[in-house]
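S.K.: Questions regarding the structure given below will be posed in turn.
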Amino acid sequence: MNKTLQNMKKNTLIQYAVLAIILNLVIEIMNRRSITECVKFIYASPFVFLYNAFIIFFTFSITLLLRRRLFALSFLSIVWLIIGIVNCVILGFRMTPFSAIDILLAKNALQISSKYLSFFEMVLIAVGIVLLVVAFVIMWIKLPKDKEKKNYLKNLCAIAIITVFTVGLTKIGVSTKLLSNNFENLGYAYQNYGFAYCFSNSIIDRGISKPSDYSEETMAAIKKQIDSKMNEDNAAKENEKTPNIIMVQLESFFDINNVKGLSFSEQPIPNWVKLKENYSHGFLTVPSVGAGTANTEFEILTGMNTDYFGAGEYPYKTVLSSTPTESLSTVLKQQGYSTAAIHNNDGTFYNRNTVYANLGFDSFTPIEYMYNLTYNPLNWVKDENLTGVIKSSLDATKNQDFVFTVSVQGHGRYPSTQIDSTQKIQVSGNDDNKAALEYYTNQINEMDTFVGDLIKMIESRKEPTVLILYGDHLPTLGLTDEDLTNKDLFQTEYVMWDNIGLSNETKDLNANELNNYVFDRLQLKKGIIQTAEELYSSSSDYTDKMKLIEYDLLYGNQYLLDSTSTFTTSDMKMGYKDISVESVSQTGEDIIVKGSNFNEFSKVLINDSSVTTEYVDENTLKVTATELKDKDKISVGQYGDDNIELGQCDNYEYSTQSTK
């Protein structure tokens, strides 16, 4: 035994294997947030556990080519440990685990970090990052280089063999169904197939993979079928007057009355309950739980299915940041609609300032273009602020409107202690999570009031209107399927209010089916995706057909489009009010800019360079310690917390004689 141990100490690959197993054990404990659950996983799936350890071992093998092998090995070990810790922490805030796409969301995470972390926690993280950098520097200095001359040919052969084994084990695992490369539920996948495999897969698996039968001939046949169906259906749909369509995506909203065992001091959502009694409604199956707002939004607006994309991918952060495509906005604009997007949060969040233009919207109003905002105790903008913006968007045009609104008030992280002494609704039945449940319940109560006020505003305008309301995903409140009367964490609900006499229907839908359902009810002309959904929904090759279509529109050669019907990025207007500079004056070191529709997000630009700006009121901004020169150009831009300019008004030319 002693001789064997001594040989193991000398064998680098055995050392790597032992270290990989230990690291994988620690990471899986954090992945499950439980030692007991990790032991159960190893017992039930020994191949999967060892396979995940082999992935870590594979990354270690690269160090065989390096002189500073020990430093590289230590660096990789710490990186694996860090991403395991990050996953563990993220699972404490949401039910979706950490994937590679989250790295692209780092900027967005920083924007909302103050709502999830205390100042002390953020200081600890900053200190930890500094200490980590110091540790890497010390390791670089202290850890010795390999003294023995490397046999690079031998080491390359070893790496090649390990690579072949990794690929082979993956194929064996997938073919025997011990592993899967199709993650319909990311949270379950991480539990069933291990963190190392799922996270690694999220790095490689991006976008929609090219279908094996994708070709011009295949798509020509599909195009012929879609065109024929579209022409046939649309010929009978010549509506002279179609209604306004308003969609409101309610952040983390669902009917909390569906949670078993809870009771409330009063009905939390009376308007919602009444709407379900009198108007069309149903459960809505969404792509995620506790997070993933943008993916529900993507499915609603495009009719596409996020299941065909990479694990945990957000199309808003990848393909839609650069690729225009068909959406509700583009289809409705062809039928005479004006289209507007509204969101009471930062305009750059999930790249919406770019994505909405690629989805064809005429205008986009984020908080940077809103006024007199009110905030909830977690500093999210309240949904009551949306009513006036929606009304202004409807009033701004003479033709029919499609207004797509994304709310934010119900957003977490929900507090573990009471932070709002004005809460009026008490919750009983779950003392362990009472503070979070009561905070959430009171927030959706206010959101429900917003829904009631919105309907009153619409009724007062006396225009034909259909209002579709739905929740984007369930909140992170520690719920399980068994806690719900409908027994499905991936189901929110939708309601469809109208003043045009639609019959009351109850129909459960997937998120990507909702826009098609609305078009059916209103007898509107459909686009490519909607027509394909109707054409192939009952066919045995439905998934294959829809994947081909989505791939062609987003990644392929767009064979489905005619040369005259390609999608382009719209010239999207920011905000619903025009911002302008009307006069500029200088008194000593102070520059006073007078104009219209300024807010706390406004910054003065002098010759296209932003300067520190003090907001005085909607008509006045002040800049200090800058001396203007004749013919300097002054404008005002709108900037969010990330300091990215969303837009600016026309230049005003300054004159020392006070002439324009």
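The values are calculated or read from the model by the stated rules, or taken from the named source; none is laboratory data. All values derive from a computational prediction rather than experimental measurement. Please note: Cβ atoms are built from the backbone with ideal geometry, for glycine as well, and neighbour counts cover all protein chains shown. Please note that ligands, DNA and RNA were not included when accessible areas were found on the heavy atoms of the full protein model with its side chains. Shrake-Rupley method; radii C 1.70, N 1.55, O 1.52, S 1.80 Å.
S.K.: For the range 427-466, state which trypsin sites (Lys or Arg not before Pro) are in a DSSP loop and have at most 10 other beta carbons lying within 10 Å of their beta carbon. Working shown, then result.
M.R.: Values: sites: K434, K456, R461, K462; in loops: K462.
When the trypsin sites (Lys or Arg not before Pro) of the range 427-466 are filtered for loop state and at most 10 Cβ neighbours within 10 Å, K462 remain.
S.K.: Next question, about the same structure. Helix 386-395 against the longest principal axis of the chain: what's the angle in degrees, Cα atoms only, rounded to the nearest 10?
M.R.: 50
S.K.: To continue, here is another question. Would you work out the relative contact order for the range 576-660, in percent, from Cα pairs under 8 angstrom that are 6 or more residues apart?
M.R.: On the way: 190 pairs, mean separation 24.4, N = 85.
In percent, rounded to a whole number, it is 29.
S.K.: Using DSSP to define loop residues, name the trypsin sites (Lys or Arg not before Pro) in the range 177-238 whose beta-carbon has at most 10 other beta-carbon atoms within 10 Å. Mind dumping the intermediate values first?
M.R.: Values: sites: K177, R206, K223, K224, K229, K237; in loops: K177, R206, K237.
Taking the range 177-238 and a limit of 10 other Cβ atoms within 10 Å, the loop trypsin sites (Lys or Arg not before Pro) found are K177.
S.K.: For the range 577-660, list log₁₀ I(q)/I(0) at each q in 0.20, 0.25 Å⁻¹, using the Debye formula over Cα point scatterers of equal strength and ignoring solvent, two decimals each.
M.R.: -0.83, -1.32
S.K.: If you average over every viewing direction, what projected area does the convex hull of the Cα atoms of the range 345-421 give, in nm²?
M.R.: Numbers: hull surface 24.6 nm².
Computing the convex hull of the Cα atoms and averaging its projections yields 6.2 nm².
S.K.: Say the dipole of the chain comes from +1 at the beta carbon of Lys and Arg and -1 at that of Asp and Glu; which of N499, V611, I634 then lies farthest toward its positive end?
M.R.: Most positive-ward Cα: V611.
S.K.: Where the centre of each part is set by its Cα atoms, how far does the range 130-191 sit from the range 589-631, in angstrom?
M.R.: 54
S.K.: Round to the nearest 0.05 the FRET efficiency obtained for T285 and I103 when R0 = 25 Å and r is the Cβ-Cβ distance. Provide the component values of the computation, followed by the final result.
M.R.: On the way: r = 28 Å, r/R0 = 1.11.
Approximately 0.35, to the nearest 0.05.
S.K.: Which length gain, in nm to one decimal place, applies between E277 and K424 when the Cα-Cα distance is subtracted from 0.36 nm times their residue separation?
M.R.: Working: separation 147, 0.36 × 147 = 52.92 nm, distance 2.50 nm.
Length gained, E277 through K424: 50.4 nm.
S.K.: For the range 363-493, what ratio Rg/Rh do Cα atoms give with a Kirkwood hydrodynamic radius?
M.R.: 1.01
S.K.: In debye, nearest 20: dipole of the range 522-628 around its Cα centre with unit charges on the Cβ of K, R (+) and D, E (-)? Kindly include the intermediate steps, with their values, before the conclusion.
M.R.: Values: 9 positive and 18 negative charges, 65 e Å.
That gives the range 522-628 a dipole magnitude of about 320 debye.
S.K.: Among T306, T12, Y190, pick out the residue whose Cα is farthest towards the positive end of the charge dipole of the chain, where Lys and Arg carry +1 and Asp and Glu carry -1 on C-beta, about the Cα centre.
M.R.: Result: T12.
S.K.: Toward the positive end of the charge dipole of the chain, about the Cα centre and with charges on Cβ (Lys, Arg +1; Asp, Glu -1), which of Y51, G207, M447 goes farthest?
M.R.: Projecting each Cα onto the dipole axis, the largest value belongs to Y51.
S.K.: Placing unit charges on C-beta atoms (Lys and Arg positive, Asp and Glu negative, everything else neutral), compute the dipole magnitude of the range 417-477 about its Cα centre in debye, rounded to 20.
M.R.: Details: 5 positive and 10 negative charges, 49 e Å.
Charge dipole of the range 417-477: 240 debye, to the nearest 20.
S.K.: Using the alpha-carbon atoms, what tilt in degrees (0 to 90, nearest 10) does helix 12-32 show relative to the longest principal axis of the chain?
M.R.: It is inclined by approximately 40 degrees.
S.K.: Using Cα centres only, tell me the gap between the range 16-48 and the range 438-454 in whole Å.
M.R.: Value for the Cα centre distance between the two parts: 43 Å.
S.K.: Normalised by the empirical 2.2 N^0.38 Å for globular proteins, what value does the Cα Rg of the range 8-51 take? Present the calculation step by step, with values, prior to reporting the outcome.
M.R.: Details: Rg = 11.9 Å, N = 44, 2.2 N^0.38 = 9.3 Å.
Dividing the Cα Rg of the range 8-51 by 2.2 N^0.38 Å gives 1.28.
S.K.: While we're looking at this one, here's another question. Roll a 1.4 Å probe over the protein chains and send me the accessible area per residue for the chain in Å².
M.R.: Numbers: 30200 Å² over 660 residues.
With the other protein chains kept in place, the chain gives 46 Å² per residue.
S.K.: Then there is this: With charges set only on the Cβ (+1 for Lys and Arg, -1 for Asp and Glu), what does the dipole of the chain come to about its Cα centre, in debye to the nearest 20?
M.R.: Roughly 3460 debye for the chain.
S.K.: Could you point to the label whose value was computed as semi-axes √(5λ) of the Cα gyration tensor in Å for the structure here, given (i) 52, 27, 21; (ii) 45, 34, 28; (iii) 55, 37, 21?
M.R.: (ii)
S.K.: Note down, for the range 227-313, the three equivalent ellipsoid semi-axes (square root of 5 times each alpha carbon gyration tensor eigenvalue), biggest first, whole angstrom. Working shown, then result.
M.R.: Values: eigenvalues 207, 103, 23 Å².
Each semi-axis is the square root of five times an eigenvalue, giving 32, 23, 11 Å.
S.K.: Same structure again: How long are the semi-axes of the equivalent ellipsoid of the range 521-590, taking √(5λ) for every eigenvalue λ of the Cα gyration tensor, in whole Å from largest down? Mind dumping the intermediate values first?
M.R.: Values: eigenvalues 458, 52, 29 Å².
Semi-axes, largest first: 48, 16, 12 Å.
S.K.: Where does the range 432-551 land on Rg(C-alpha)/(2.2 N^0.38 Å)? All intermediate terms of the calculation are to be shown ahead of the outcome.
M.R.: Details: Rg = 18.3 Å, N = 120, 2.2 N^0.38 = 13.6 Å.
That works out to 1.35 for the range 432-551.
S.K.: Let me ask something additional. Would you mind getting the Kirkwood hydrodynamic radius of the range 111-214 from its Cα pairs, rounded to one decimal in Å?
M.R.: On the way: mean 1/r = 0.0531 Å⁻¹.
Taking the inverse mean of 1/r over all distinct Cα pairs, the range 111-214 comes out at 18.8 Å.
S.K.: Compute the separation of the alpha-carbon centres of the range 298-348 and the range 231-290 and state it in Å as a whole number.
M.R.: Comparing the Cα centres of the range 298-348 and the range 231-290, I get a distance of 19 Å.
S.K.: Roughly to the nearest percent, how much of the accessible area of the chain is carbon and sulfur, given a 1.4 Å probe? Walk me through the numbers on the way to the answer.
M.R.: Working: 16400 of 30200 Å².
The nonpolar share, carbon plus sulfur, comes to 54 percent.
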